[in-house]
Structures are given as structure tokens and as C-alpha cells.
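Taking it in order: structure first as C-alpha cells, then the write-up.
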Amino acid sequence: MTTDRPSRASGFRIVLALVVLVNLILTVALITQVREIQRRVASLPTDLATRRDVAALRPLQVRQIIQKNCVECHSARRLGVTVSMEATEIRSTVERMQTHPGANIPERELERISASLQVVRCARCHNEATLNLMVLKTEPERIATIRRMVALPGSGVRPDQVTAIAQAFEKLLAQ
Amino acid sequence: MTTPSVKPKAMIQDNTRCIGCRACMIACKSWNNRPADHTEFFAGAGYQNPVDLDANNYTLITFNEIVTGAQPDWVFGRQLCMHCEHPACASACPTTALTKTALGPVVFNESRCIGCRACMQACPFLIPKYDYENLNPKIHKCTFCADRIEAGLKPACATVCPTAAISFGDRDDMVAEAKRRIATAPGTYIPEIYGLDDVGGTSVLHLSSVPFEQLGYITGLPKTPMPDLTHRWLRVTPHFFALLYAVFGALTWIMHRRSNRSDSKGPTA
Amino acid sequence: MNWRIRLTWWDMVLLAIMALGVVLAVVRYAGGIRSVANINNAYPWGWWVGFGIMTMIALGGVGFTITLLVEILGRHRYHALLRPAVLMALLCYASAIVMLMVELGRPWKVWMILVSWAPSAALYEVGWCAFLYLNVLVLEFVQVPLEELGWGRVLKVLRVIYIPIMLLGVTLSHLHQSSLGTLLTLIPHKINVLWWSEQLPLIFLFSAMMAGPALAILEYLAAARWLGFPPNIDMLGGLARIEAWLVGLLLVFRLGDLVIRGAVEAALSWTWFAVSFWVEIGFGLLLPLVLLMMPEVQASRGGLVTACSLVVAGVLLHRLNVAVFGLRVRHWETYVPSFGEIGITLGIAAGAVFVFGVLARMLPIHEELPPTVASQPRATARAAAWHGARSVS
């Protein structure tokens, strides 16, 4: 017996069978994806990121700036003299270095080098990683932090230097 | 087969010394008698010209603007046939038109080429090109100046490079030299030799100051030779043949006997 | 042999398409490949290889599948499908060879394959096996016209060697169908993860086996309609059930392979590749599977035609996906088949259909046809003639 068109009931069964099979396939796909996610989550590091890790994503690069621009000609020890200088003194010193042949200090680096030298005085007490935490703070928070340092004995930071140091941090963050 | 007196050669492409003068491209075209092309400047990535390797250009300097430090700068890369130790193109060619020679080059014998272009599909570095316009077309790729090497000369590109970015010599020496350069100047080079063991090792070793993906190189290739993938299937062909023939023969015999037996019992089907 | 055939309007259409193909082929030979085709350095293989060679050879699997079913597994219920299947396979392989003559850059050198020794090249194995298999098909099929011409002595020789060469043919088919897949395992970095697999040889082999019964059913129903005999739907129903198994097994194999390779994520992403993949699986495997499992479809001409056409289309789409569409290229590289390429392949396909139609009317290919269409005196020997040793008993 030959029929040329399946009846409506079989059309329904075709659709039903298709839906069942598609469901089966999607279920298997879903299971594999869930297992994949489980595997990836399990392989995540057990330590959460610390604030220092986050700060390290956007480093101040003070050491690199000084290394690249200053140390080639004279040793890093010579930079120690800048610890007692005011901001304007530092700037004019660097400007003087610019005039020296072979120094190759570009104009836009001038600001960054001056800022780095200002910030270096914080190394009296803090290491690089601690200093880097400043990138996570807002400007008012940074100023407040520097004021706190002023209050600490032996920091060598005077109250009238707070603004200049804060501005130095801003310049380093603006690069 | 390498006899003791024939040591395979290799080339170092040192991208930190490349200045993008393209003398290698011109020397290559000159030695291989390729005609001049009419190209369109800025058709591709900036100053890179032509855009890609083709039937008339067997090597290409890629121009890449990479930001290192404060500003972008040119870093040049080079594309050419890598003359693999285990070439996928030679393994895919059904008429053995491509063969790896003892001195290192993978040479193309155009008299055997039928133009099936399986080598173009097989090459992991996308090197072989075809001249579809030609009525008698053939595959085009760097020859490593096999004829020059055999005469004791250096390839054309290595001879004309003004900055010695291209070095040429025995493969062992070139590998040692590449490693030495990385070891003595770690700030200049990234610690990777492209082609050292990719796809089982090649005869062209690239050095770079930036990751190779940024220079348009194909990365992520396996460290095992590509032909291994087909070899594992093709080597069982004779066994497969014998097994299938035997199984099918046995089945035919069994079914034949069964139908004969049922025939003898009743009317024929 | 019936020499008096009337060419119908359908024959005229086919001849016109063939003429177009010939004209385009002349342009190809006179002007080079570039003058008719869009294949380029990024896509060295395009429509010609994807359809004209790979799909044609996959469809040629009807020969070894039906031969395996009838002669080796002894399911003589389907022997009416055997001769058409062998003829179709012969024409498919001949079409693939003709396509090769156009597609190769230097077709006049193709004999080089036969005088080379390149066992590491999958194409070498394909070339040799296809060449040998074509000879086997010719030897198998030539019995039919020789019968009509009454060349008894030659026929006796052919019948003696029939079983060994039939076995050779089926074995060779397994080898080269899978070798086309082996060829593409060489480029995992170039084929999209949805289609590349270490099991490509098996996938190619199983899909060629799946295409066989589908094509046989389609041909049988088409012949029943055009040559005017009532189709044996029960026989087709039995074959449809076998086909359902083949489709189902390939579906499970393909999806299982996808899961094991960890490529499910690519299949669930919103890309054109994923769309093409699901169209291929859904319309080429899933829907035909469901249709072929239903008794109503197994007993219905329209249902069988629909299901089997979907299977064949699915095989075509698979070959195109693996060898052309799924190729990873750089973002500026593209390929769309040109009218020249499509015209030539259509011309070749039309040629195959035309020759099949002519031979089906000239020779006793279909057992159901009344004896007046086939030549008279051989009618009794006809049914036995195909079955080699069996006829001797």
C-alpha cells in the first residue's frame, strides 16, 4: 500500500521525535559545558587577589623612569641629594641635565622625572609596593595620606610640601 | 639522508636587526627571475608591499606598528618558506614534486607537479602560492636558493641584507648562535626562537623583540611534525586492505553457503 | 539492446546544461583557471573540489554500499537496486575524474600519480584506489552490455573473476573514502574546530556509506516514475530502515566526537560556522533520522524522497563545510564560487544524469521493467547474470 503524504498524526509524531532528540542533544551539550565550567573554576588560584596585586596592574614606574633617564650618566647615589630639595629646585636641576649633551631628556619626560624624584623621598620608610598603593586612592585620599605622614616623626615631610608631593603623584598617574 | 660530509643548513632571521629595506625581497625576485609587479601602496597594512606572498614574491617583509614604551614604532617580520625538517607539503604531494634535500631546502620539481594544490592546503605556514592565471601553472615558494647553496654560496637574501639580519650556516651553528644572542641580550630578544621546534623543527629560525603574533607570524602550531597526523592512518592501509578483503570474502562465502542451503531445501528465490 | 530511444524534453535540458559546461571548460583551458574560477591562494580548494570531487566520490559510495548489502551480506531482497547502483557509482566516479581534468592545474600530467611512489600522501592513495575502483566498476558493469551483444566468451571470464573483483571494489572503496578524510586530518590548524577531528577518515567513510542507500532509493523512485514501473515500496521500506540505522549511528558518532574533542562551546556560539554546523546536523542527520524511523514515511514515496534528499544534501554540506567553508583564513581573504565553477560542475552532473538516463533506456538496468523494453532472449538469464558464482549453480 502506497500513500503519498503522511497524515497529520504522523506529522505530530515527527515533530515530537525531533523535539525529543534536540532536547537530548542540548542536554548533553549543557552537561559538557557545566563540567567545563566546573573544571575552570576548580583550576582558579586559591588565593584571592590582594590590594597590592590590583595596584601592581597600574604601577607608578618610579624606578623605571629614574633608571631610564638618570642612571646612565651618573650613579643612583647622586640622586640622594634631591631628597632635601624643594619641588622647584628639583625641576631646575632636571632642566639643567637636559642641557647636557648626550642626556637625551625629552620635554614631556621632564615632568615625569621631576615627579619621580619628588616621590623618591618616600622610600625613606616605604618600599615600592607600599608606595604603589597610592594608585588605588582618590586625590583627596592621597592628600590625606601625605598629611598623615607629615604628622609622623622622622618622615622629613613638611606641611607646606604636601601639595607638591600630591601633585607629583598626579603627574605620575597621568602618564 | 644526511651523509657525514653534508650538514644541513639553516638561516637566522633576526628581526631586531631588520630595518625594512626589502633588499632581500628584491634579491629573491632577481635570483628567481620573477617579474616586477604593479602593486598598490597602502593596499594592506600600511607600508607593507605587496600585501601577501604570491607567485611573484617568494619572501615578504611585514610592517607592524607596535607600541613599546610611549610611542608606536616599526617592528619588521619576514615571511618565507620555513623549509621544515618534516615538511607537510612534501608529505601531501601525491607525485613527490616537493622533496626535502640533505642540505636543508624543500625543493619543488615542477616537472612532476599536476597542480592538485594539496601542498597549499597542507602547509601550516600558508606558504605555497599558485599562479592561476597561467595556462601552465605551478607552485611558487622560496627555494632557499638550493642551487646557490649547493655551489657553496649563501642564499640571495642572506647575501644582500645590509644589517646582517639574515645569517646563514650549518643548522647546529645557527641554533647555537640564536640561543647565544638571546642569552647575551635578554632585554632585546623575547626568549623564543620561532622555527626551532615548531612542527618538528624548521630550517629558518626567527628572533624577535616582540611576541611573534604581533608580527603576523602564525603561532600556536604543534611541536610535532604535521605529517604524523596522516601517517598514523596511512601506515595501516595495507593491513586495513588485507583485513577488509578477508572479512568481506568470508562473509560472502558464509552468506553464499547459507543461501545455497536454503535453495536446495525449497524453490529458488 | 534497445537502440531506439526517444529523447525527452528533460534530456534536452540536460544536453543544454552539458553544452554550457563544455563552453565553460573550453574557456578554462584557453584562458587558465583564473578566467572561470574564483579559487585563490587563501582558498586553493573551492566548489570544484568540495562538490565536484569530494561529494561526487561520496555519492559514488552507493556502489560499494549496495554491493556490500546484496552480494556480501547476502540481502538479495535488494538485488533490484544493484545494477543501478553500480552504474551510478561508475558515473559518479567518471564525473569526479572529468572534474579533476578541469580542476587540476596541469591535468595532462595526472598520470604522474600512477608512476610515483608517495605512500605518505593521502591523495596518492585516493588516486590509486579511485583509479583501480573505476576499473572494477567498468568490469562489473560491462557485463550488462556484453550480455546484450552476446559476447559469451568474454562474459564467462568476467563472471569467473566477478567475486574477487567485487570484493576488491568494496575494499578499495572503504580505503579511499576514508583517505579523503585522512587528507584533511593534516590541517587541524586550518579547519574549523567544529569539523576537524582525528576521526575524519571514519566520518568520511560512514557518511559515504550513509549516502549510498539514500541515493539508491532516490534513483529507484525517479526511475519508477520516468520509466513507468510500479515501485516495490516494501523493499524500499526495508532499505529505509537500514538507512535509519546508518544515519543514527553517524549522528551519534559526529556528536560524540564533538563532545570528546571539547568543541561543544564552538557549536553553541553565535557564528556562521555554528549555524552551518547545526544546519548540517539538523537537516542532514536529525530530521532524516526521525523521518526514516516512521513507518508512514517508509511506506510513502514523498516521505522517502524528502528524507533521502535531506541525507544527500547533508553529505554535500558536510564536504563543503570541511573542505571549503570551515577553512580558517585571514580576515581579508574570501571566496565565493563563480558562475563558471558552478556551470562546469552542473554540466558534469547533467552529463552523468543524461548518460544514466540513456543507458537505463538502452540496457536492462532495472529489473522491474517489462521485457519489451529490455531485449527479449536474455530475459531469463538477466536475473542470474549479475550474481557471479550463484548463477553457475
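Below are the figures for this structure:
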quantity	calculated
Qualifying residue in the range C:355-362 (condition: β-branched (Val, Ile, Thr) and within 30 Å of A:Ala9 (Cβ to Cβ))	no
The listed residue being assigned by TED's automatic domain parsing to the domain that holds B:Glu213, part of a loop (DSSP other than H, G, I, E, B) and more than 18 Å from the chain's Cα centre (by Cα), out of B:Gly169, B:Gly187	B:Gly187
Residue satisfying condition, being in contact with a Phe, Trp or Tyr (Cβ under 7 Å, 6 or more places away or on another chain) and either farther than 19 Å from C:Glu333 by Cα or facing chain C (nearest Cβ under 10 Å) (or both), within set B:Ala55, B:Ala92	B:Ala55
From the options B:Ala118, B:Ala122, B:Ala151, residue that is small (Gly, Ala, Ser) and either in contact with a Lys or Arg (Cβ under 6 Å, 6 or more places away or on another chain) or over 30 Å from C:Val324 (Cβ atoms) (or both)	B:Ala151
Filtered residues of the range C:92-138 (kept if touching a residue at least 12 places away in the same chain (Cβ under 8 Å), small (Gly, Ala, Ser) and within 9 Å of chain B (Cβ to nearest Cβ))	C:Gly105, C:Ala122, C:Gly127
So A:Arg52, is it in contact (Cβ under 8 Å) with a residue 24 or more places away in the chain, surrounded by 11 or more Cβ atoms within 10 Å (Cβ to Cβ), within 30 Å of A:Ser116 (Cβ to Cβ) and out of contact with any Cys (no Cβ under 8 Å at 6 or more places or on another chain)	yes
Residue satisfying condition, being surrounded by fewer than 20 Cβ atoms within 10 Å (Cβ to Cβ) and of a type in the set (A, V, I, L, M, F, W, C), within set C:Leu137, C:Leu149	C:Leu149
Residue within the range C:28-39 that is more than 9 Å from chain B (Cβ to nearest Cβ) and closer than 22 Å to C:Val315 by Cβ present	no
Matching helices (runs of 4 or more DSSP H) fully within the range B:109-161 where at least 2 residues are within 14 Å of another protein chain (Cβ to nearest Cβ) and free of Cβ contacts under 8 Å to residues at least 40 places away in the same chain	B:118-122
Qualifying positions in the range C:270-298 - within 13 Å of chain A (Cβ to nearest Cβ), hydrophobic (A, V, I, L, M, F, W, C) and farther than 16 Å from C:Pro213 by Cβ	C:Ala274, C:Phe277, C:Trp278, C:Ile281, C:Phe283, C:Leu286, C:Leu287, C:Val290, C:Met294
Conditions (1) touching a residue at least 24 places away in the same chain (Cβ under 8 Å); (2) farther than 25 Å from C:Leu180 by Cα; (3) out of contact with any Phe, Trp or Tyr (no Cβ under 7 Å at 6 or more places or on another chain); number of the one not met by B:His256	(1)
Among (1) in a helix (DSSP H, G or I); (2) surrounded by 13 or more Cβ atoms within 10 Å (Cβ to Cβ); (3) not aromatic (Phe, Trp, Tyr) - the single one A:Leu60 does not satisfy	(1)
Qualifying residue in the range C:353-363 (condition: at pLDDT 80 or above, within 14 Å of chain B (Cβ to nearest Cβ) and surrounded by fewer than 21 Cβ atoms within 10 Å (Cβ to Cβ))	no
Residue count for the range C:172-207, restricted to those that are of a type in the set (Val, Ile, Thr) and modelled with pLDDT of 95 or more	1
Restricting the range C:243-269 to residues that are part of a loop (DSSP other than H, G, I, E, B) and without any contact (Cβ under 8 Å) to a residue 40 or more places away in the chain, the residue that is farthest from the other protein chains (Cβ to nearest Cβ)	C:Ser269
Residue that is farthest from the other protein chains (Cβ to nearest Cβ) [pool: residues in the range B:232-249 that are under 15 Å from C:Leu200 (Cβ atoms) and crowded, with 17+ Cβ neighbours inside 10 Å]	B:Leu234
Residue list for the range C:190-202, filter: more than 10 Å from chain B (Cβ to nearest Cβ) and in contact with a Phe, Trp or Tyr (Cβ under 7 Å, 6 or more places away or on another chain)	C:Asn192, C:Leu194
Test: residue in the range C:87-104 that is touching a Gly at 6+ places or on another chain (Cβ under 9 Å) and under 25 Å from B:Asn260 (Cα atoms)	no
Close pairs (7 angstrom Cβ cut-off, 6 or more residues apart or separate chains): more than 10 Å from C:Gly105 (Cα to Cα) in the range C:23-36, surrounded by fewer than 16 Cβ atoms within 10 Å (Cβ to Cβ) and of a type outside the set (Asp, Glu) anywhere	C:Ser35/C:Val27; C:Val36/C:Val27
Listing of strands (runs of 3 or more DSSP E) fully contained in the range B:1-98 that carry 2 or more residues being free of Cβ contacts under 8 Å to residues at least 60 places away in the same chain, crowded, with 19+ Cβ neighbours inside 10 Å and under 22 Å from the mean Cα position of the chain (by Cα)	B:60-68
Meets criteria (within 20 Å of A:Val81 (Cα to Cα), within 21 Å of the chain's Cα centre (by Cα) and in contact (Cβ under 8 Å) with a residue 24 or more places away in the chain) for A:Gln161	no
From B:Leu205, B:Leu196, residue being closer than 24 Å to B:Leu221 by Cα and assigned to a strand (DSSP E or B)	B:Leu205
C:Leu69 vs. criteria within 29 Å of C:Gly150 (Cβ to Cβ) and more than 9 Å from every other protein chain (Cβ to nearest Cβ)	no
Members of the range C:141-179 that are within 18 Å of the chain's Cα centre (by Cα) and away from chain B (no Cβ under 14 Å)	C:Phe141
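Quick grid of which residues meet (1) in a loop (DSSP other than H, G, I, E, B); (2) touching a Lys or Arg at 6+ places or on another chain (Cβ under 8 Å); (3) surrounded by fewer than 16 Cβ atoms within 10 Å (Cβ to Cβ):
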| site | (1), (2), (3) |
| --- | --- |
| A:Asn104 | yes, no, yes |
| A:Glu111 | no, yes, no |
| A:Ser116 | no, no, no |
| A:Ala123 | no, no, yes |
| A:Met134 | no, yes, no |
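Residue-wise test of (1) in a loop (DSSP other than H, G, I, E, B); (2) without any contact (Cβ under 8 Å) to a residue 40 or more places away in the chain.
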{"residue": "A:Ile14", "(1), (2)": "no, yes"}
{"residue": "A:Val20", "(1), (2)": "no, yes"}
{"residue": "A:Gln38", "(1), (2)": "no, yes"}
{"residue": "A:Pro45", "(1), (2)": "yes, yes"}
{"residue": "A:Leu48", "(1), (2)": "yes, yes"}
{"residue": "A:Ile65", "(1), (2)": "no, no"}
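Residues are listed down the side, and each one gets a yes or a no for (1) crowded, with 19+ Cβ neighbours inside 10 Å; (2) in a helix (DSSP H, G or I):
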residue	(1), (2)
C:Arg4	no, no
C:Asp11	no, yes
C:Leu14	yes, yes
C:Leu20	no, yes
C:Val27	no, yes
C:Ile39	yes, no
C:Trp48	yes, yes
C:Leu68	yes, yes
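The values are calculated or read from the model by the stated rules, or taken from the named source; none is laboratory data. What you see is a predicted model; the values in this text were computed from it and never measured. Counting neighbours? That spans all protein chains shown, and the Cβs are built from the backbone with ideal geometry, glycine included.
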